[in-house]
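Data block below; observations after.
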Amino acid sequence: ATLEQLRSSLECINAFIDAYRLFTMNPDVANQSRVMEAILYAFMGPYMWKARSDLARDQGLAGMRALIPPFLIVGGRARSGKTTLLEFINRLLGGGGKPYFGYQAVEKSLVDMVKTENLYPVLVDEIPQSFFRSTAHNKGDQIIKYMANELEGKHPVIIATTNHSEFSIGDQALRRIYYLTIDNTFDKSRFVDSTKHLETTLMKANSSLFRDFTFRMQALLGRQESFADPMDPLRIAREVFQGYYK
């Protein structure tokens, strides 16, 4: 990408994140930070399998893969902007088409979807609490443990939203997911302004930054560098973005 394309893409991301300051009830930079963290996770998503594989290889233990979660859950209340975040991520990655799945559309097929070598993140909106409480093999603890502990080779990550106020999950499963809370809500009295701001930003979002990111990640792959970092699974993506801003 050209310097101008990079600058335009970063300005678009900054404008999107800024909406969580300009139009929310109680602006908090922590919420903006978590939105950026979700974007970093999405960019790193197609390479998360590599980080997990490298960690298992480096440590000589297959179970070490669980330290790099392939499941991101964004929890928030109604009107917290979590669904719009999925749409923005889809545009940044060049997904096109339907920006995300409703939970009911993929309720019975999530396991099959993560068993493919299609590395595009599976974006799912509004996973209900019943999913996390279920003991079925394709839901809750079972699918989270399967993805974290047993899923090998190339596979996609899941990026999903849920209602934070209702969210509850066992400690074992909680350790195996990447959980981000967006606990602020958009101000209803500024609905027109916020909608216009977000629509304009979404229209500007495109995949030029992600294509450049992929080019840079390919260079790292060519140097046979390990992507494994259990202390910060997003370290590689974070360093690439730091280079962009610099």
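The values are calculated or read from the model by the stated rules, or taken from the named source; none is laboratory data. Computed from a prediction, not measured in an experiment: that's the story for all the values here. Neighbour counts run over all protein chains shown; Cβ positions are idealised from the backbone, glycine included. With ligands, DNA and RNA removed, areas are computed over all heavy atoms of the protein, side chains included. Shrake-Rupley method; radii C 1.70, N 1.55, O 1.52, S 1.80 Å.
Worth pointing out:
- Those residues of the stretch 1-46 which are among the polar types (S, T, N, Q), part of a helix (DSSP H, G or I) and either more than 18 Å from H164 (Cβ to Cβ) or open to solvent by less than 20 Å² (accessible area, probe 1.4 Å) (or both), in sequence order: Q5, S8, S9, N14, N31
- Looking across the stretch 47-79, just one residue is surrounded by fewer than 24 Cβ atoms within 10 Å (Cβ to Cβ), touching a His at 6+ places or on another chain (Cβ under 9 Å) and assigned to a loop (DSSP other than H, G, I, E, B), and that is R77.
- Boolean, T162 is in contact with a strand residue (DSSP E or B) (Cβ under 7 Å, 6 or more places away or on another chain) and at negative phi: yes
- Top-ranked residue in the stretch 201-217 [being hydrophobic (A, V, I, L, M, F, W, C), over 17 Å from the mean Cα position of the chain (by Cα) and closer than 16 Å to I236 by Cα; ranked as most open to solvent (accessible area, probe 1.4 Å)]: F215
- Top-ranked residue of the stretch 80-126 - restricted to ones that are part of a loop (DSSP other than H, G, I, E, B) and of a type in the set (A, V, I, L, M, F, W, C), ranked as surrounded by the fewest Cβ atoms within 10 Å (Cβ to Cβ): L119
- Yes/no for N184 being open to solvent by less than 20 Å² (accessible area, probe 1.4 Å) and either modelled with pLDDT under 95 or farther than 27 Å from G94 by Cβ (or both): yes
- V192 surrounded by 12 or more Cβ atoms within 10 Å (Cβ to Cβ) and modelled with pLDDT of 95 or more: no
- Here H137 does not fit the description of being within 23 Å of A78 (Cβ to Cβ) and open to solvent by 50 Å² or more (accessible area, probe 1.4 Å).
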